[in-house]
Amino acid sequence: MYRFATAIGVDLARKSIRAAVIRHNGEVLHSETFPLKARQDREYILSELASGIKYVREKAAAGGVNPIAIGLAVSGFVDHENGTVLGPGHGIKNWKNIPLSRLLNRETALPVFVGNDANLMTIAEQKFGAANGFSNVIFVALRTGIGGGIIINGNLYRGVNNAGGEIGQMIINFEGGLSETGIKGSFEHYASASAMVTRYARDCGLDSKQAASLTAKDIFSLSYRKDPNAVKVVRENAYLVGLGLSNLITIFAPEIIVLGGGMAEARDSYISLIRKSAFSNSLENCRTEVKIERAALGRNSALIGAAYYSLTRLAGKNI
């Protein structure tokens, strides 16, 4: 690692691009958010990434800071060795097999490294956040979908074709419905933010237009005001999240499970319900040492992970 170096971390989300200048120790010096239009294609996203990076780089230069690398956090499968986004597109037209490192290196003349967003969030929490000091870590991103990452004996587990860690696709109900990925009864299908909204809308008899205006944050807020349907749905969701975690506990016996994503920002009572479900549905010997904690870095985790990853790769190391 380059001591005292800085890098630009970029997080490509569905509705925005976030870019930040970050020190080697995880300190965020400056960050910006760039909203994205609803209809997106390859050329639009590449242009927005380049302009967002240029903007924060100029801001850094004005403050006497010179980033030496760029790290990008993206959804989906990534050939991290070559910096190629394999897909799926997640709503971006023609967003498959994109040589992102090469294209942005051409635009910026800086070395560019690309990783899966959940993996980079995992790395950030283990290096600088809630899992710092632990060697066996599972990170679960609770959001519109469910992503995750796994660290075993201090190393990120990637699996064959860099495809490991797709926690959201494990099956928790073999008779369940199909998710958007075509997997039957997946953890994501039942326990994600989208699933929470769907369940609440169904229980309240809302039509599709009314449901489309709701978010999981809205349902949490309603539950705090003792709306009976919201209370019920939040409790059901916490049980289902815990059920998924119980599988991970029994299979991996980790030291810590870190919960990130927007849903993990709910009140402590929600996290407590998740713990109760996870511990009551897992083997005693596997759960004896495990902690279940909220992520410490919040919405900056992907940015910090991406920047740290780029500096690490630039130093000739792989994680």
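The values are calculated or read from the model by the stated rules, or taken from the named source; none is laboratory data. Just so we're clear, the structure is a prediction, and the values are computed from it rather than from any experiment. In this analysis, Cβ positions are derived from the backbone assuming ideal geometry, glycine residues included, and neighbour counts consider all displayed protein chains.
Only strands (runs of 3 or more DSSP E) wholly contained in region 1-120 count here; list those with 1 or more residues that are over 19 Å from the mean Cα position of the chain (by Cα). Don't jump to the end; show me each part of the working.
On the way: elements: 6-12, 16-23, 28-35, 70-74, 77-79, 84-87, 112-116.
Ranges flagged: 6-12, 16-23, 28-35, 112-116.
Determine, yes or no, whether Ala315 is among the small types (Gly, Ala, Ser) and over 19 Å from Asn155 (Cβ atoms). Full working, then the answer.
Numbers: among the small types (Gly, Ala, Ser): yes; over 19 Å from Asn155 (Cβ atoms): no.
Answer is no for this residue.
All of Leu245, Leu273, Leu240 fail the test of being assigned to a helix (DSSP H, G or I), under 18 Å from the mean Cα position of the chain (by Cα) and in the same structural domain as Phe139 (by TED's automatic domain parsing), apart from Leu245.
Give me the residue from region 177-218 that is closer than 18 Å to Gly244 by Cβ and hydroxyl-bearing (Ser, Thr, Tyr) and, out of that set, surrounded by the fewest Cβ atoms within 10 Å (Cβ to Cβ). So the residue we want is Thr181.
Of the helices (runs of 4 or more DSSP H) that lie entirely inside region 130-217, those containing 1 or more residues that are in contact with a Leu (Cβ under 7 Å, 6 or more places away or on another chain) span 187-191, 193-204. Val234 versus (1) surrounded by fewer than 17 Cβ atoms within 10 Å (Cβ to Cβ); (2) farther than 24 Å from Asn132 by Cβ; (3) in contact (Cβ under 8 Å) with a residue 24 or more places away in the chain: which is the lone unmet condition? Result: Val234 passes all but (1). Taking region 267-286 as the range and being touching a residue at least 40 places away in the same chain (Cβ under 8 Å) and crowded, with 17+ Cβ neighbours inside 10 Å as the test, only Tyr270 passes.
Considered as a group, the residues in region 122-144 that are charged (D, E, K, R) and within 13 Å of Ala264 (Cβ to Cβ) include one that is surrounded by the most Cβ atoms within 10 Å (Cβ to Cβ), and that residue is Glu125.
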